[in-house]
Amino acid sequence: TQLLEQSPQFLSIQEGENLTVYCNSSSVFSSLQWYRQEPGEGPVLLVTVVTGGEVKKLKRLTFQFGDARKDSSLHITAAQPGDTGLYLCAALFSGNTPLVFGKGTRLSVIA
Amino acid sequence: EAEVAQSPRYKITEKSQAVAFWCDPISGHATLYWYRQILGQGPELLVQFQDESVVDDSQLPKDRFSAERLKGVDSTLKIQPAELGDSAMYLCASSLGYFNEQFFGPGTRLTVL
């Protein structure tokens, strides 16, 4: 069973601070997705990364895919209260395996 | 903008009762997924359809859960009888195909008393 580990599990920061959350596995991903989920809602896709070493930017969010395709990170610059939510990574591993989700990082940005 | 629709948004039931959830995927999406998300966890796949056919239901507790997508469009997930441990968010997602990006609905929050 392929597992995704996300860290930290919880993060509470002040508005304006920077932060990084991580997603790791012992197995190689074929692709990895990052989602944000607000309470009582379904996850919303932020980005998909497929190439080792790939970096994608979405406004203040920077997503990086590790060279070995076993890890990824999400960096948020100058966090805002609107960034509050559960950040989930989800991976497709090699073969016809379903999308596997991590347990998420719950971020709280305090004004 | 096309969205995945789910109903009801909230359901409270007593244990041993039957419940059913409905999902209408984005038009044209051949692949439909049902996930269960327990509080504090990531979503876990229960069942995946390709058109009207089940392609993965290995994690579906088949003694009490059933799912169908009769015409390859909308889908129903049923639990009978519900147990206390079934309390969770039930999410539906759809995608154009198996390896395409998945789009999630708002979910149904189930509470079993």
Restricting to segment B:27-48, what's the tally of residues that are charged (D, E, K, R) and either open to solvent by less than 40 Å² (accessible area, probe 1.4 Å) or touching a residue at least 60 places away in the same chain (Cβ under 8 Å) (or both)?
0
If you go through segment B:54-89, how many residues are away from every other protein chain (no Cβ under 14 Å) and either open to solvent by less than 70 Å² (accessible area, probe 1.4 Å) or not acidic (Asp, Glu) (or both)?
24
Among the listed residues B:ASP24, B:ASP51, which satisfies the condition of being among the charged types (D, E, K, R), within 14 Å of another protein chain (Cβ to nearest Cβ) and open to solvent by 30 Å² or more (accessible area, probe 1.4 Å)?
B:ASP24
Could you run through segment B:90-110 and say how many residues are more than 8 Å from chain A (Cβ to nearest Cβ) and either touching a helix residue (DSSP H, G or I) at 6+ places or on another chain (Cβ under 9 Å) or under 13 Å from B:ALA2 (Cβ atoms) (or both)?
4
Restricting attention to strands (runs of 3 or more DSSP E) lying wholly within segment B:1-80, give those where 3 or more residues are touching a strand residue (DSSP E or B) at 6+ places or on another chain (Cβ under 6 Å) and of a type outside the set (A, V, I, L, M).
B:10-13, B:19-24, B:31-37, B:44-50, B:65-68, B:75-79
Please determine whether any residue of segment A:104-111 is in contact (Cβ under 8 Å) with a residue 60 or more places away in the chain, open to solvent by 20 Å² or more (accessible area, probe 1.4 Å) and within 14 Å of chain B (Cβ to nearest Cβ).
yes
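Can you go through A:GLN33, A:GLN37, A:GLN80, A:GLN9 and tell me which one is in contact (Cβ under 8 Å) with a residue 24 or more places away in the chain, facing chain B (nearest Cβ under 9 Å) and open to solvent by 70 Å² or more (accessible area, probe 1.4 Å)?
A:GLN9
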Report the residue count in segment B:90-113 for those that are under 16 Å from B:PHE21 (Cα atoms) and surrounded by fewer than 20 Cβ atoms within 10 Å (Cβ to Cβ).
3
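The values are calculated or read from the model by the stated rules, or taken from the named source; none is laboratory data. Being a predicted model, the structure only gives us computed values, none of them experimental. Virtual Cβ from ideal backbone geometry, glycine too; neighbours counted across all protein chains shown. We work out accessible area using only protein heavy atoms, side chains counted, and drop any ligands, DNA or RNA first. Shrake-Rupley method; radii C 1.70, N 1.55, O 1.52, S 1.80 Å.
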